[in-house]
Amino acid sequence: MHVHLDRELCFLDIEATGLNVVRDRIIQIAIVKYSPKDAEPRELSLLINPGIPISEEAMLVHGITPKDVANKPVFAQVAAKIYDFIGNADLAGYNSNRFDIPMLMEEFARVGMEFDMGKRRTIDVQRIFYKMEPRNLKAALRFYCNRELEDAHDAMADVRATIDVFKGQLEKYRDQDYVDDDGNVTPVPVKEDVQALHEFTNDHKFLDATQKFKLDHNGEVVFNFGKYLGKPAGQVLYEDKQYYNWMLNKEFTSQVKQLVKQLTKAYEKNLKA
């Protein structure tokens, strides 16, 4: 570790039952600890029985199944081991400030252990990446077109710059396949074809721009927020009229309100069919 350390530094990564740091649970934790005193880092890796179901979406990402953790200890049984291993170390990870650290704090709190962050420093490697490699229009124009954006935030200047970036992307990725994190290959997705570009630049799992509704692994429309998170949207809206009216009267987008009506009608129609 070519970093000056004045105390121990732990890099950690967590796999979980889902992405909600409050509701979900840890199923795997890995920690690598660097010390100012030791030349070689120490490592800790544990599988943990979460005590709750693992979401299908999560399993598709990390591949850990209920069978893999069925005979593993629950968090309460390994909490002290993890706590002692970390000690007073500073913490680092990838998106760790928003996910790994808050989730670990919640797990400790459930078993009555306070994981004090007051004197710890944190390093989020993702934030270094995002700050040093910005993904704004100015950076895109510099990357694809090798020129600076003048009159930034003037609408016409911005739209012309966007068009130039788009042309640069078509040229740069003309013969390039896309390989996702799971190794799935999309042959040459960036090409002079509107439908292909539409498919590539949209996540069709979500039904609305604010991502309040999504398709689950079975293709069913479910809530992506709130107390009915993951529940079938049409059925809930049909059966819970108070929630139906709440969504129509609160500050949701018109797109969401249209979906509320459509999903309710479709569910009612299926009941009568």
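What follows is calculated from the coordinates using simple rules that are stated; it is not laboratory data. On a predicted model such as this, the values are computed, not experimentally measured, just so you know.
Once log10 I(q)/I(0) by the Debye sum over Cα atoms at q = 0.12 Å⁻¹ is worked out from the coordinates, which option in (i) -0.80; (ii) -1.08; (iii) -0.94 does it equal? Label of the calculated value: (ii). On the principal axes of its alpha carbon atoms, the range 197-245 extends 40, 21, 15 Å, with the longest extent given first.
Could you check how many percent of all C-alpha pairs in the range 213-272 are farther apart than 14 Å? The partial results should precede the final answer.
Working: 937 of 1770 pairs.
That fraction is 53 percent.
Between the range 232-273 and the range 104-118, the C-alpha centres lie 39 angstrom from each other. With bins 5 Å wide beginning at 0, the percent of Cα pairs of the range 16-171 falling in each bin runs 2, 8, 13, 15, 14, 10, 8, 8, 8, 8, 6, 1, 0. Here is the P(r) of the range 134-201: all C-alpha pair distances, binned every 10 Å from 0, give 20, 42, 30, 7, 0 in whole percents.
The 3J(HN,Hα) values that the Karplus relation (6.51, -1.76, 1.60; θ = phi - 60°) gives for the range 187-196 are, in residue order, x, 6, x, 8, 8, 7, 8, 4, 5, 5 Hz. Gly and Pro appear as x. You can think of it this way: the chain between Tyr243 and Glu192 has 13.9 nm of extra reach, that is 0.36 nm per residue less the Cα-Cα gap.
Output the pairs from Lys67/Lys214; Lys72/Lys214; Lys227/Lys272; Lys67/Lys227; Lys214/Lys261; Lys119/Lys227 with a Cα-Cα distance over 24 Å in this structure; if there are none, say none.
Lys67/Lys214; Lys72/Lys214; Lys227/Lys272; Lys67/Lys227; Lys119/Lys227
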